[in-house]
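Reviewing the structure listed below.
All of the numbers you see were taken from the coordinates with simple rules; none came from a lab. All values reported here derive from a predicted model rather than from experimental measurement. Please note: Cβ atoms are built from the backbone with ideal geometry, for glycine as well, and neighbour counts cover all protein chains shown.
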Amino acid sequence: MEDLAFRVLSPTIYRDIAKMLDAKRIERQAFIERIVREIQDELAGANIVGEVIGRPKHIYSIWKKMQGKSLDFANLYDVRAFRVLVQDVKTCYAVLGIVHNVWQPVPREFDDYIARPKPNGYQSLHTVVMNEDGTAFEIQVRTHEMHQQAEYGLAAHWRYKEGAYAGMAT
C-alpha cells in the first residue's frame, strides 16, 4: 500500500529508485537465492532448524531510509535482506554467531532488539555482513513468536504510526 501511494505522490523519485532496483533485479534474485542456500547449509551443519527467507525491500522503505539516515542508494545495506526464524532466543544468538563466522560483520551495523526491545515491543537481531565480493546485506534473526508479533502484533500496528514516532521503524 505504501509503495502504491508513494508511486502516486512522488512518481519521479519512485521511478528513479525502481530503475536502480530493476537494473540489478536478476542479479539480486540470484544473489538472494545463493545466500538463502548458504545460510540453510550453515544451519544444517550446526543442526539448527530454522526457516530462511530472502526478501526484497520495498521502494517506499528504501526512500524513507535514504531520507532518515541521509544515505544515497549505494550506501543502503538492506536492499538485499534475509530473515532467519528459529524456535528460541538461545538459537537466535547461535545463528548470529554462525553468520558472523561466515561473513564479515560491518562495524556499527548491529542491533540487538532482543536484549533491548524497541518501545513498541519489537524484538529481533539485526546485523549487516559483507561477503567475499564486498557485497553487504542485512540478516535479521528472530523466533517465530517474535516474527508473529512484528508482523501481526503491537509492533506491526506501530509500523503504521512510524511518521508520528521517530525512530520506531522496524
N131-D16 FRET efficiency (beta carbon distance; Förster radius 35 Å; 0.05 resolution): 0.85
Note, the range 133-142: 3J(HN,Hα) by Karplus (6.51, -1.76, 1.60, θ = phi - 60°), whole Hz, Gly/Pro = x, goes 8, x, 8, 8, 8, 9, 10, 10, 10, 7
Please list, in order along the range 11-20, the HN-Hα scalar couplings obtained from phi with the Karplus expression 6.51 cos²θ - 1.76 cosθ + 1.60 (θ = phi - 60°), rounded to whole Hz, x for Gly and Pro. x, 5, 5, 4, 5, 4, 5, 4, 5, 4
Defining a contact as two alpha carbons under 8 Å apart and six or more residues distant in sequence, what relative contact order in percent does the range 98-138 show? 40 percent
Under the Karplus relation with 6.51, -1.76 and 1.60 and θ = phi - 60°, whole-Hz ³J(HN,Hα) for the range 37-45, x at Gly and Pro, equal 4, 5, 5, 4, 4, 5, 5, 4, x
